[in-house]
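Trainee: Would you mind keeping the following structure in view while I ask a few things?
Any read-out appearing in this document is the output of simple, stated calculations on the displayed coordinates, not a laboratory observation. If you're wondering where the values come from, they're calculated on a predicted model, not measured in any experiment. Backbone-built Cβ (ideal geometry, glycine too); neighbour counts: all protein chains shown.
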Amino acid sequence: MRTNLFHPLLVAFALVTGAAGAEAFQAASPSMAASPDSANPNAATPDAGADAATMLRLRDGSIRWGSILSHDPDGIVFESLSNGGHARLPWSYLHPQEEHDLRERFGYVDLTGEELMIDADRIVTIEGQEIVGLIIDRSGDNVQVKTASAIIPVPKNRILGAPTIVHVAASVVYTRAELYNNELANADVSTAAGNYALAQFCERNNDFAHAVEHYKATQSLDASYQPEDVKLSLARATDQAARQDQVDYLTDVTGLAARHRFDEALARADAFKDKYPDSPLIPQAKKAHDRAIKARDKYVADRVATLWFLRVGQLAYQAGSKMGYEEAVNYLGGQMQKDVLDYVVKESVKLTKEATPDTVKQLWGQRRKIRWNRASYGLGTWLLGKDAALKGSEDPNKKKDEKPVSETDKARADLEKKLRTYLDNQELARKAKTTGEQKDDRELAWKELPLDARRGWMLAYYVENSGDFEVDKKPMLAACHECGGEGTRVVGLAGANVSRAAIGKQSTENRIECPACHGLGIVRRISYR
């Protein structure tokens with residue numbers, strides 16, 4: 001089944017979630033309706049109201065009409081009314097109120113354990129550090145990022161790419177008091193409905209004292225307003241308020257995980273049952289433990305992939321600036337791979353003690369391979385040798401050379417033959433040199449390459465030969481910009497004794513091997529991920 005990038009739902013949804021969200025939408029055949037979530041064997045049974053048209057609000061405020069085919073704790077499967085296309089939607093992709101209403105309708109709402117989620121800014125530095133919060137000031141040399149614990153100045157010249165939007169727990173950005181005061185300023189507490197909505201917000205914010213206050217205000221203002229719901233909610237909030245210290249304890253677990261202090265979060269979650277052995281919140285502690293593990297596994301996996309790419313580039317740059325050709329090739333063939341792994345393990349251990357070398361290698365092997373990267377050997381391509389430089393470029397369907405059909409074709413074919421013979425002779429002469437002479441040639445050419453060219457060469461060599469990366473079998477071969485791909489350059493003729501016939505003559509007598517590509521004529525580039 002192919003992803004349809006022009007599916008009506010997909011176009012609207014891609015604006016909200018980007019490429020990751022776009023993958024959720026697929027143009028489906030009618031047969032899929034019988035098995036709405038074949039990829040998830042644990043999906044819930046199709047909703048009884050699946051045949052009724054439903055108005056679905058997405059996070060950007062847009063509206064789509066269709067049917068909810070099935071639902072589970074992770075999200076829904078939605079069928080578009082306009083063209084029958086299906087979309088697998090996590091709950092967080094829906095409008096917050098839509099998400100709440102549907103989860104309550106399907107029985108997935110647990111206000112005592114439901115974390116209040118908001119949109120926040122995610123910044124990644126050139127060192128690979130991730131900072132999540134709310135950007136409150138972009139003036140000056142720093143970007144000011146607000147978190148619940150502090151305002152962090154991030155130097156603009158250390159930021160990698162543009163900030164992105166992520167969905168995180170509100171406690172990452174705001175204190176409980178800030179969230180309450182902000183919501184109170186926008187609530188109509190003169191009505192029962194306004195107090196009821198504010199009380200529900202307070203429950204989701206684990207602010208049960210204020211929740212009790214506003215549930216009581218709801219009853220006082222209008223005793224007929226959803227009396228059963230208000231009664232049950234007040235009893236629940238009162239019970240939780242009596243255990244506010246336990247609720248705060250579990251909130252700290254979530255906060256530690258959000259700040260990527262996973263081992264502390266897990267230890268604290270595990271200690272809950274010992275600290276509060278008779279607490280009815282022990283199941284919530286287990287949930288907090290499971291969420292911390294899930295967050296840890298996802299974050300560490302993403303960090304491993306980021307750090308691996310980052311470190312390969314750093315080591316290629318460092319080695320290219322210090323090492324000669326032979327030393328660089330030897331380093332690429334062994335020690336560099338160990339250095340990359342050691343660095344990634346060292347950084348990952350800062351996140352969790354579970355980051356052993358074997359675990360890190362496993363996470364790297366299981367990384368999501370989405371975007372292809374490029375690496376080039378540049379004008380150092382000839383250092384690979386002709387066979388390695390041209391590897392993968394053979395076209396099995398290429399037709400054999402056809403016989404010349406005109407005098408011009410014959411002349412061109414004859415010239416190409418002479419050039420091939422000339423270049424073959426140059427290659428034989430190069431191979432005929434002693435090992436020491438060949439080494440000197442390579443070392444001299446390596447030193448003459450610019451630093452960026454040496455770095456690029458080392459990066460390309462490592463990713464193509466280390467086995468760490470998936471490499472496209474078909475390389476991209478570009479013509480040398482000095483000789484246009486011919487491998488030779490014409491030597492200018494000058495002087496009073498040069499005849500006009502000699503000036504216009506095109507032959508191998510007035511050509512030399514291209515000094516840039518050393519007769520190879522191509523620059524090798526590869527794609528990897």
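Trainee: What residues qualify as long-range amide H neighbours of ASP72, i.e. H under 5 Å apart, gap of 5 or more or another chain, H built at 1.01 Å from N?
Mentor: ALA44
Trainee: As an exercise, use a Förster radius of 41 Å and the Cβ-Cβ distance of LYS361 and ALA177 to find the FRET efficiency, rounded to the nearest 0.05.
Mentor: 0.35
Trainee: While we're here: Residue by residue through the range 203-217, what is 3J(HN,Hα) from phi via Karplus (6.51 cos²θ - 1.76 cosθ + 1.60, θ = phi - 60°)? Round to whole Hz and write x for glycine and proline.
Mentor: 4, 5, 8, 6, 9, 7, 5, 5, 4, 4, 4, 7, 5, 5, 5
Trainee: Can you tell me the order of 149-156, 76-83, 382-389 when each peptide is scored by its average per-residue count of other Cβ atoms within 10 angstrom, highest first?
Mentor: 76-83, 382-389, 149-156
Trainee: Also: Taking H placed 1.01 Å from N in the peptide plane, check which residues at least 5 places from THR488 or on another chain put their amide H under 5 Å from its amide H.
Mentor: It is CYS514, by chain and number.
Trainee: Roughly speaking, what is the stretch gain from GLU127 to ILE151, that is 0.36 nm per residue apart minus the C-alpha to C-alpha distance, in nm to one decimal?
Mentor: 6.6 nm
Trainee: Which shape class applies to the range 204-280: rounded if a/c is under 1.5, otherwise prolate when a/b exceeds b/c and oblate if not, where a ≥ b ≥ c are the square roots of the Cα gyration tensor eigenvalues?
Mentor: Taking the square roots of the gyration eigenvalues as a ≥ b ≥ c, the range 204-280 is prolate.
Trainee: From the backbone phi of the range 520-527, what are the Karplus-calculated ³J(HN,Hα) couplings (6.51 cos²θ - 1.76 cosθ + 1.60, θ = phi - 60°) in whole Hz, Gly and Pro given as x?
Mentor: Running phi through 6.51 cos²θ - 1.76 cosθ + 1.60 with θ = phi - 60° gives 6, x, 9, 10, 8, 10, 10, 10 Hz.
Trainee: Let me ask something additional. For LEU332, what charge total do you get from the other residues with a beta carbon under 15 Å from its beta carbon, if Lys and Arg give +1 and Asp and Glu give -1?
Mentor: So the environment of LEU332 carries a net charge of +1.
Trainee: Binned at 5 Å from 0, what are the whole-percent values of the Cα-Cα distance distribution for the range 125-170, short to long?
Mentor: Calculated P(r), rounded to whole percents: 5, 21, 32, 28, 12, 2.
Trainee: Could you tell me the calculated FRET efficiency between SER279 and GLN318, based on Cβ-Cβ distance and R0 = 45 angstrom, to the nearest 0.05?
Mentor: 0.25
Trainee: Here is a follow-up. Given H placed on each backbone N at 1.01 Å, which residues far from HIS95 in sequence or on other chains put an amide H within less than 5 Å of it?
Mentor: ARG57, LEU58, ARG59
Trainee: Just grab the label-to-label distance for ASP297 and LYS231, each label 7 Å out from Cα along the Cβ direction, in nm (one decimal).
Mentor: About 4.3 nm, to one decimal.
Trainee: Report the gain in length on full extension from ASP263 to ASP239: 0.36 nm times residue separation, minus Cα-Cα distance, nm rounded to one decimal.
Mentor: So the extension gain works out to 5.6 nm.
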